[in-house]
Amino acid sequence: MLLLMKNKISKQAVVLLSGGLDSATVLYLAKARGYFCHCLIFDYGQLHKKEVASAIKIARACAVAYQVLKIYFPWKGSALLDKKIKVPTKISQGVPATYVSGRNIIFLSFALSFAETISAQAIFIGSHAQDYSGYPDCRPDFLAAFSKMAKIGTLGKFKILAPLLNKNKAQIILLGKKLKVPFNLTWSCYRGQRQPCGKCDSCYYRAKGFKQAGVIDVLIK
């Protein structure tokens, strides 16, 4: 569902929506700040489509415009794309096997093209402190450099915003609770099973975050 509102709404934003609780919280935060949100959801060849389905449900629950973009990484190179690479079950030291090379660069490039076309004022991304310890394309200096590049390489006057950048998972969950984010619709697990595996590092950080926040995760039964 793609709604183009160019020149009809003064405050617009493009939001990268993955289906996880971080990007869901960013979406609800952007809407709370008064933006008319256009969500970009990427089907990029990940081994399971559960996060794509979750992202669509979240966009609909938030009553915002969205579009699913199908792209492909034929070289794979990540546990999220290649069945031959195992999803780690221990907390990774350094860059984890779930890292997809250049993913945020590519996603943000689509977002800035879209933002410029519809004269949006902002692009929102859910990068945060726990991510950029392992994922190089989540680091503050990367986002600062990309923002500078976007100003030079486009005619757009938008800002790239990462409002969760200095927050940990517990803080994000508390913010999401305040914003009434439907955590039951989010999906964090790197596996597409009926229930979260509880073993991958994404499940670990999600469980730890909910525990520290003192909030019950409705996905855990």
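The values are calculated or read from the model by the stated rules, or taken from the named source; none is laboratory data. Here the structure is a predicted model, which means the values were calculated and not measured. Here the Cβ positions follow ideal geometry from the backbone for every residue, glycine too, while neighbour counts run over all protein chains shown. We work out accessible area using only protein heavy atoms, side chains counted, and drop any ligands, DNA or RNA first. Shrake-Rupley method; radii C 1.70, N 1.55, O 1.52, S 1.80 Å.
Between rounded, prolate and oblate, where does the range 42-193 land on the alpha carbon gyration tensor, with a ≥ b ≥ c its root eigenvalues, rounded for a/c under 1.5, else prolate if a/b exceeds b/c? All intermediate terms of the calculation are to be shown ahead of the outcome.
On the way: a/c = 1.35, a/b = 1.20, b/c = 1.12.
Because its axes are fairly even, with a/c under 1.5, the range 42-193 counts as rounded.
Run the helix sum for the chain: -39,500 (n - 2.57) per DSSP H stretch of 4+ residues, divided by residue count, reported at 222 nm to the nearest 500 deg cm²/dmol. After summing the helix terms and dividing by residue count, I get -11000 deg cm²/dmol. Roughly how tilted is helix 50-61, in degrees to the nearest 10 and between 0 and 90, from the longest Cα axis of the chain? Approximately 50 degrees, to the nearest 10.
Quick one: with all protein chains in place, what share of the accessible area of the range 9-134 is carbon or sulfur, to the nearest percent (1.4 Å probe)? Before the final figure, lay out each step's value.
Values: 2950 of 5290 Å².
Whole-percent figure for carbon plus sulfur exposure: 56.
Here are some pairs, LYS83/LYS178; LYS151/LYS211; LYS11/LYS177; which of them have Cα atoms lying more than 31 Å apart in this structure? Don't skip to the answer; put the middle values down first.
Numbers: LYS83/LYS178 38 Å; LYS151/LYS211 40 Å; LYS11/LYS177 25 Å.
As for pairs spanning more than 31 Å Cα to Cα, those are LYS83/LYS178; LYS151/LYS211.
Compared with the alpha-carbon gap, the fully stretched path from LYS148 to ALA61 is longer by 28.0 nm at 0.36 nm per residue.
Figure the gain on full extension for ILE91 and LYS11 (residue separation times 0.36 nm, minus the Cα-Cα span) and round it to one decimal in nm. Could the numbers behind the result be given before it?
Numbers: separation 80, 0.36 × 80 = 28.80 nm, distance 4.01 nm.
Result: 24.8 nm gained on full extension.
At a Cα cut-off below 18 Å, give the aspartates and glutamates reachable from LYS157, other chains included and same-chain residues fewer than 8 away excluded. Straight-line reach from LYS157, under 18 Å: GLU116.
Which whole-number percent is the relative contact order of the chain (Cα, under 8 Å, 6+ apart)?
Values: 398 pairs, mean separation 54.3, N = 221.
Relative contact order for the chain comes out at 25 percent.
Where does the longest stretch of the chain lie that holds no chymotrypsin sites (Phe, Trp or Tyr not before Pro) found in a DSSP loop with 10 or fewer other Cβ atoms within 10 Å? Walk me through the intermediate numbers first.
Details: sites that count: TYR72, TRP75.
For chymotrypsin sites (Phe, Trp or Tyr not before Pro) (loop position, at most 10 other Cβ atoms within 10 Å), the longest site-free span of the chain is 76-221.
A full extension of the chain between CYS197 and ASP82 corresponds to an added length of 39.6 nm, given 0.36 nm per residue minus the alpha carbon distance. For trypsin sites (Lys or Arg not before Pro), the sites in the range 22-64 that DSSP calls loop and that have at most 16 other Cβ atoms within 10 Å are ARG33, LYS49. The aspartates and glutamates whose alpha-carbon is closer than 17 Å to the alpha-carbon of LYS50, local same-chain residues fewer than 8 away aside, are ASP22, ASP82.
For the chain, what is the accessible area per residue in Å², given a 1.4 Å probe and the full set of protein chains? Intermediate results must be reported in sequence, preceding the final value.
Numbers: 11320 Å² over 221 residues.
In whole numbers, the chain has 51 Å² accessible per residue.
Amide H contacts of ASP43: LEU69, LYS70, ILE71, each under 5 Å away and 5 or more positions distant or on a separate chain (H built 1.01 Å from N in the peptide plane; Pro and chain starts excluded). When the chain is treated as a Gaussian network with alpha carbon springs shorter than 10 Å, the biggest mean-square fluctuation among ASP201, ASP22, ASP141 belongs to ASP141.
Seen against the Cα atoms of the chain and their longest principal axis, helix 201-213 is set at about 80 degrees.
Does the range 45-132 come out rounded, prolate or oblate by the C-alpha gyration tensor, with a ≥ b ≥ c the root eigenvalues, rounded set by a/c under 1.5 and, if not, prolate when a/b is larger than b/c and oblate if not?
Numbers: a/c = 1.80, a/b = 1.66, b/c = 1.09.
Prolate, since a/c reaches 1.5 and a/b exceeds b/c.
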